[in-house]
Amino acid sequence: MTTSMQATRAPAAKKVEITGHLLVLELCDGRTVSVPLDWYPRLADASPEERAYWELIGPGIGIHWPALDEDISVEGVLQGRRSGESAESLNRWRAARSRRTHPGPRSIRGKQRARQTEP
């Protein structure tokens, strides 16, 4: 019996979209996956502007939202892992947000970033 071992690459995102209730990832291998936005409370609590400003981590192995201090791995999404943040940590983050006097870091306003990468 012959088996073939192929080198596997980590799944990578190339595009991110957030709808009213979903986080949708378009992967470099052609798949599109979505998970409930409620799985990631920081994203669920964010403004549309904060959600729209994201950066790929490395070659797309994860997504980073600077204004939210949120990182989500593609592998975690594919494995069905929700946010692992504790309620205490999330409550501290929410309290800090409510004390904020401006809508977000200056880097968000007036700055567009490329949101797609080629495989």
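No lab work stands behind these numbers, since they all come straight from the coordinates. All figures in this text were calculated on a predicted structure; none of them were measured in a lab. Cβ sites come from the backbone with ideal geometry, for glycine too, and all protein chains shown count toward neighbours.
At-a-glance table
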| item | result |
| --- | --- |
| Two-decimal Rg/Rh across the range 13-99, once Rg and the Kirkwood Rh are taken from alpha-carbon atoms | 0.95 |
| Per-peptide average of other Cβ atoms within 10 Å, ordering 56-62, 83-89 highest first | 56-62, 83-89 |
| Ascending count of other beta-carbon atoms within 10 Å, so fewest first, for 47, 34 | 47, 34 |
| For the range 13-99: relative contact order, % (alpha-carbon pairs under 8 angstrom, 6 or more apart) | 20 |
| Gain on full stretching of the segment that runs from residue 49 to residue 33 - 0.36 nm per residue minus C-alpha separation | 3.5 nm |
| The range 1-99, dipole about Cα centre (Lys/Arg Cβ +1, Asp/Glu Cβ -1), debye to the nearest 20 | 80 |
